[in-house]
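Since the structure comes first, as structure tokens, the remarks are kept for the end.
The values are calculated or read from the model by the stated rules, or taken from the named source; none is laboratory data. Because the structure is predicted, anything quoted here is derived from the model rather than measured. No Cβ is skipped: glycine too gets one built from the backbone with ideal geometry, and neighbour counts run over all protein chains shown. We work out accessible area using only protein heavy atoms, side chains counted, and drop any ligands, DNA or RNA first. Shrake-Rupley method; radii C 1.70, N 1.55, O 1.52, S 1.80 Å.
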Amino acid sequence: MNQNVFWILLSAMIVNNFTLMMFLGLCPFMGVSSRVGTAVRMGLANIFVLTITAICAWFLHNFVLPYAPYLRLISFIVVIASMVQITEMAIKKLSPALFRQLGIFLPLITTNCAILGMALWQTTKYDYTLIQGLFYAVGAGLGLTLALVLMASIRENTELSDVPSLAKGTALTLIIAASLSLAFMGFSGLGSAS
Amino acid sequence: MKPTTPTADLVRGIWRENPVLIQLLGLCPALAVTNSVENALAMGIATFFVLLGSSVLVSSLKKWIPGEVRISTYILIIATFVTVADLGLEAFVPAIHKELGAFISLIVVNCMILGRQEAFASKRPVGRAALDAIGTGIGFLIAMVMMGGVREILGTGSFLGFSLFGPNYEPWVVMILPPGGFLTLGFLLLVLAWVERRRARSAKPDAAMSGAARPETARPDAGTPDRSAA
């Protein structure tokens with residue numbers, strides 16, 4: 001059981017990295033990855049929302065959705081939107097400084113496909129228990145943070161280097177992301193051997 | 001918002017403000033399900049349907065949606081249409097539905113759709129909103145098929161399942177794997193930027209020259225004409 005949970009965490013974080021291997025959460029990956037500091041904070045906010053969503057999704061999946069399966073999508077998105085709203089209000093109250101730093105990116109977590117994708121995969125594809133789901137969410141959040149921080153550190157360095165003017169901006173970011181993704185492909189099959 | 005003609009509403013989203021290639025919205029599906037033309041087409045059509053339906057509904061309900069809860073209302077409307085699309089695909093093309101998996105549900109969080117509601121459908125009459133949705137939807141479909149075409153041709157040597165290069169072609173398997181998605185979009189953007197620069201250069205040689213002479217005044221002049229020409 002313990003090893004099982006550990007593999008779920010590792011798999012969501014590295015082997016099936018949400019951003020680089022499954023293309024979820026690309027908007028913050030492209031938008032918030034220009035500074036390492038912002039990237040870390042964004043990652044932490046995501047981990048928090050992911051964890052709460054995982055708990056809510058598990059409750060919905062086990063106690064509500066058996067009676068109304070067609071409501072899955074709608075109920076999940078409502079839960080995510082309200083969780084983000086609550087997080088926003090809590091941060092605003094408890095730490096106004098952090099609130100100002102996160103700015104517009106906090107409400108945008110609602111439309112981060114990683115959150116909804118995690119909730120959907122957790123319940124429909126894998127059918128995890130609550131504990132497994134929690135580890136899955138934390139692993140996914142750590143994976144997002146890892147990808148964001150890696151990308152931000154590379155982008156901070158490319159700012160100073162001499163790249164062709166055509167490639168400046170998104171094209172360069174995407175090609176860097178391709179090489180990061182290639183590197184993460186090396187991890188595939190990591191869990192299957194054991 | 002300045003008034004526009006119906007044709008401009010329709011055409012704008014197709015190329016000049018293409019949601020994926022120019023505005024870089026809706027990147028998740030554009031990268032995740034474009035490993036074959038068939039998947040890309042199915043995803044594009046589903047998104048088109050959701051965008052059109054929710055634009056029409058948001059535009060016709062705009063008087064009754066309170067400003068404070070508008071985003072949540074839009075999301076709920078979009079989620080309803082996505083559920084319809086999801087169940088529809090499952091009923092008619094179960095094989096493709098299985099292949100696309102949760103990515104159909106993830107149309108809900110496609111920022112392109114929410115963006116069109118917020119920026120256009122909530123402020124315009126129903127007809128215009130529908131035209132805009134059709135234009136943007138076609139633009140998205142074009143971008144999806146371009147990505148899917150490049151990745152399928154290079155990655156498997158076939159197009160829509162028909163073999164193109166014969167048995168001796170060694171497929172670039174990496175193109176249908178995740179890194180290929182990033183790489184294809186990156187190179188598409190590079191090619192677009194290159195074409196844009198060439199056109200700007202050949203269309204306005206004198207504007208570019210005066211831009212070199214008087215950078216403060218000439219730069220906006222050099223920028224605006226090629227936007228309207230494109």
Take chain B, connect every pair of alpha-carbon atoms lying under 10 Å apart with a spring to form a Gaussian network, then pick out the residue of B:LEU106, B:LEU51, B:LEU131 with the largest mean-square fluctuation.
-> B:LEU106
So which DSSP H runs in chain B come out at 15 Å plus along the axis (Cα) with average Kyte-Doolittle of at least 1.0?
-> B:37-61, B:70-92, B:126-156
Packing-based ranking, highest mean first, of B:23-29, A:18-24 given that Cβ atoms within 10 Å are counted | A:18-24, B:23-29
Rounded if a/c is under 1.5, else prolate if a/b is larger than b/c, else oblate: which is the stretch A:1-46, with a ≥ b ≥ c the root eigenvalues of its Cα gyration tensor?
-> prolate
Equivalent ellipsoid semi-axes for the stretch A:124-194, as square roots of 5 times the alpha carbon gyration tensor eigenvalues: give them largest first, rounded to whole Å.
-> 33, 14, 10
Computed from every Cα-Cα pair in the protein assembly as shown, P(r) in 10 Å bins starting at 0 and rounded to whole percents is 4, 19, 30, 28, 13, 4, 1, 0
Helix-only mean residue ellipticity at 222 nm for chain B, each DSSP H run of n ≥ 4 adding -39500 (n - 2.57), per residue, nearest 500 | -22500 deg cm²/dmol
Max mean-square fluctuation residue, GNM over chain A, Cα-Cα springs under 10 Å, options A:VAL84, A:VAL49, A:VAL163 | A:VAL163
Let me know the shape class of chain B, please: from the alpha-carbon gyration tensor, a ≥ b ≥ c as square roots of the eigenvalues, rounded when a/c is under 1.5, otherwise prolate if a/b is greater than b/c, or oblate.
-> oblate
What whole-number value in Å² describes the accessible area per residue of chain B for a 1.4 Å probe?
-> 49
Which of the DSSP-defined H helices in chain A satisfy a minimum axial length of 30 Å, computed from C-alpha atoms, and a minimum mean Kyte-Doolittle hydropathy of 0.5?
-> A:36-59, A:72-94, A:130-158
Would you mind getting the Kirkwood hydrodynamic radius of chain A from its Cα pairs, rounded to one decimal in Å?
-> 17.5
Nearest 20 debye, what's the magnitude of the dipole of chain B about its Cα centre given +1 on Lys and Arg Cβ and -1 on Asp and Glu Cβ?
-> 860
Calculate the spin-label point distance for A:ASN62 paired with B:LYS63, positioning each point 7 Å from the Cα along the beta-carbon direction, and give it in nanometres.
-> 4.8
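What do the square roots of 5 times the Cα gyration tensor eigenvalues come to for the stretch B:109-151, in whole Å, largest first, as semi-axes of the equivalent ellipsoid?
The equivalent ellipsoid of the stretch B:109-151 has semi-axes of 24, 12, 5 Å.
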Once every Cα of the stretch B:1-135 carries one equal point scatterer and solvent is ignored, give the base-10 log of I(q)/I(0) from the Debye formula at q = 0.11, 0.17 Å⁻¹, two decimals.
-> -0.39, -0.90
For chain B, calculate the relative contact order in percent as a whole number, restricting contacts to Cα pairs under 8 Å that are 6 or more residues apart.
-> 29
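Quick check on chain A: helices-only [θ] at 222 nm, where DSSP H runs of length 4 and up contribute -39,500 (n - 2.57) each and the sum goes over total residues. Nearest 500, please.
-21000 deg cm²/dmol
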Where the centre of each part is set by its Cα atoms, how far does the stretch A:34-66 sit from the stretch B:155-175, in angstrom?
-> 40
Shielding of B:94-107 by partners, i.e. mean partner chain Cβ atoms within 10 Å per residue?
-> 3
Shielding of A:178-185 by partner chains, average beta-carbon count, 10 Å | 5
